[in-house]
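What follows is a single structure, written as structure tokens, with notes after it.
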Amino acid sequence: MNTQEDLSSALRGAFHDGSLRLYYQPEVDLHSGAVPGMEAFARWRHPLRGLLDSAALRRAAARTGLLDELAAWTLRAAVEEVCRWHDLAAGTRIRPPRLWVNVSPEQLGRPGFGTEVARVVTGRALPAGAVGLEFTEEALGLASRNVPALLGCLRSAGVATAVDGFGSWLGSLATLDVLPLDLVKIDHRYHAAMLRDLEGESVLASIIALAHRRRIAVTAEGVDSLLTASRLAAMRCDRATGALFCPPVPVEDARLIALGRGRPGRYRGRPGPSPGRAARSGRP
């Protein structure tokens with residue numbers, strides 16, 4: 001497949017043939033070890049190139065004009081999977097984790113975005129907060145002034161909201177004051193600075209304290225060492241993701257974790273696709 005036409009045809013087919021799939025990365029509570037949430041990442045099992053991560057998949061979709069289709073497929077697939085978790089947990093005391101889905105700047109800026117989300121989520125008999133949407137600071141900063149109202153409407157519809165990679169673009173603490181948020185995911189550079197000097201530790205402590213005053217949970221992204229995890233826990237950071245805990249896993253493993261039949265630690269060190277730079281910047 002050397003032509004764009006071939007690539008477009010293959011990707012269009014992937015929406016229906018099962019080669020496009022979601023992987024799921026758990027976020028782990030730093031104090032209890034529980035899994036309150038997971039994040040969904042799209043992957044494509046390309047017929048010639050193997051499993052493509054989110055960055056490569058997005059590039060392919062951009063080249064072929066299929067970004068909107070990819071975003072719509074990702075949201076639908078994620079909602080269908082979280083419905084599956086809740087169906088499997090019915091009649092038990094298990095509360096499946098919230099499933100987070102990245103939203104790109106293009107999606108957020110599209111007229112009718114809130115209506116599109118409501119159409120996918122409404123009528124699914126899901127509890128409030130079962131699905132969450134993540135927006136990067138860049139996406140929020142480049143979008144219209146109606147963003148606070150839009151996020152408020154999403155939360156009213158039972159969709160949780162989060163800022164992903166906080167501090168990777170504007171890094172403005174005002175974000176936590178003006179937007180209705182359930183979760184802030186802190187960019188890994190902040191906890192790297194925490195380990196480097198007292199100033200970095202002070203900045204991170206301020207972010208965590210402010211988020212907690214606004215009743216916003218905090219997740220540290222990209223945690224890869226016990227030292228980092230223990231320092232974050234001591235600073236009352238709520239949750240973490242990263243290589244120390246669990247890589248993105250396929251749906252079969254994610255269901256075991258979601259239903260309490262598998263622990264993230266058992267997958268530590270397992271070879272697997274990284275989320276990809278595009279995924280980490282909030283892109284589908």
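Residues that are modelled with pLDDT of 80 or more and over 20 Å from residue 159 (Cα atoms) within the stretch 174-197 comprise 186, 187, 188, 189, 190, 191, 192, 193, 194, 195, 196, 197, listed in sequence order.
Of the set (1) among the small types (Gly, Ala, Ser); (2) more than 18 Å from residue 248 (Cβ to Cβ); (3) touching a residue at least 60 places away in the same chain (Cβ under 8 Å), all apply to residue 9 but (3). Among residues that are more than 26 Å from residue 61 (Cβ to Cβ) and charged (D, E, K, R), residue 95 is included.
Hey, could you check the stretch 28-50 for residues that are within 19 Å of residue 243 (Cα to Cα) and among the hydrophobic types (A, V, I, L, M, F, W, C) and say which is surrounded by the most Cβ atoms within 10 Å (Cβ to Cβ)?
First, pick out the residues of the stretch 28-50 that are within 19 Å of residue 243 (Cα to Cα): 28-43.
Then drop every residue that is not among the hydrophobic types (A, V, I, L, M, F, W, C), which leaves 28, 30, 34-35, 38, 40-42.
Numbers: 28: 24, 30: 23, 34: 15, 35: 23, 38: 30, 40: 27, 41: 26, 42: 28.
Per the stated criteria, the residue is 38.
When you look at residue 115, is it in contact (Cβ under 8 Å) with a residue 12 or more places away in the chain and hydroxyl-bearing (Ser, Thr, Tyr), yes or no?
On the way: in contact (Cβ under 8 Å) with a residue 12 or more places away in the chain: no; hydroxyl-bearing (Ser, Thr, Tyr): yes.
When the stated conditions are applied, residue 115 does not pass them.
Scan the stretch 82-115 residue by residue and report those that are assigned to a helix (DSSP H, G or I), at pLDDT 90 or above and either surrounded by fewer than 20 Cβ atoms within 10 Å (Cβ to Cβ) or polar (S, T, N, Q) (or both). Outline the logic, then answer.
Residues of the stretch 82-115 assigned to a helix (DSSP H, G or I): 82-89, 105-108, 113-115.
Now drop any that are not at pLDDT 90 or above, which leaves 82-89.
If the condition is that a residue be assigned to a helix (DSSP H, G or I), at pLDDT 90 or above and either surrounded by fewer than 20 Cβ atoms within 10 Å (Cβ to Cβ) or polar (S, T, N, Q) (or both), then 83, 84, 86, 87, 88, 89 are the ones that fit.
For the stretch 132-167, what are the residues that are over 25 Å from residue 77 (Cα atoms) and of a type in the set (Phe, Trp, Tyr)? Within the stretch 132-167, just 166 meets the criteria. Just one of (1) over 23 Å from residue 104 (Cα atoms); (2) in contact with a Phe, Trp or Tyr (Cβ under 8 Å, 6 or more places away or on another chain) fails for residue 41. It is (1).
Yes/no per residue for (1) touching a residue at least 12 places away in the same chain (Cβ under 8 Å); (2) at negative phi:
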position	(1), (2)
13	no, yes
44	yes, yes
47	yes, yes
50	no, no
56	yes, yes
60	yes, yes
68	yes, yes
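For residue 200, indicate whether it is surrounded by 15 or more Cβ atoms within 10 Å (Cβ to Cβ), more than 19 Å from the chain's Cα centre (by Cα) and under 30 Å from residue 92 (Cα atoms). Taking the combined requirement at face value, the residue does not satisfy it.
Do we find that residue 130 is farther than 21 Å from residue 68 by Cα, within 19 Å of the chain's Cα centre (by Cα), surrounded by 14 or more Cβ atoms within 10 Å (Cβ to Cβ) and aliphatic (A, V, I, L, M) in this structure?
Considered against the rule, which asks whether it is farther than 21 Å from residue 68 by Cα, within 19 Å of the chain's Cα centre (by Cα), surrounded by 14 or more Cβ atoms within 10 Å (Cβ to Cβ) and aliphatic (A, V, I, L, M), residue 130 comes out as yes.
Considering each residue of the stretch 51-65, count those that are touching a Ser or Thr at 6+ places or on another chain (Cβ under 7 Å) and crowded, with 21+ Cβ neighbours inside 10 Å, and give that number.
Of the residues in that region, 1 qualify.
Summed over the stretch 229-266, the residues that are aliphatic (A, V, I, L, M) and part of a helix (DSSP H, G or I) give a count of 9. Restricted to the stretch 134-170, and to residues there that are assigned to a loop (DSSP other than H, G, I, E, B) and at pLDDT 85 or above, the residue that is farthest from the chain's Cα centre (by Cα) is 157. Taking the criterion of being more than 30 Å from residue 43 (Cα to Cα) and either surrounded by 15 or more Cβ atoms within 10 Å (Cβ to Cβ) or among the aromatic types (Phe, Trp, Tyr) (or both), would at least one residue in the stretch 182-197 satisfy it? Scanning the stretch 182-197 turns up at least one residue that is more than 30 Å from residue 43 (Cα to Cα) and either surrounded by 15 or more Cβ atoms within 10 Å (Cβ to Cβ) or among the aromatic types (Phe, Trp, Tyr) (or both). Residue 231 falls short on exactly one of the conditions (1) among the charged types (D, E, K, R); (2) closer than 15 Å to residue 29 by Cα; (3) exposed (fewer than 14 other Cβ atoms within 10 Å of the Cβ), and that condition is (3).
The values are calculated or read from the model by the stated rules, or taken from the named source; none is laboratory data. The structure displayed is predicted, hence computed values, not measured ones. Glycine also receives a Cβ, built like all others from the backbone with ideal geometry; neighbour counts cover every protein chain displayed.
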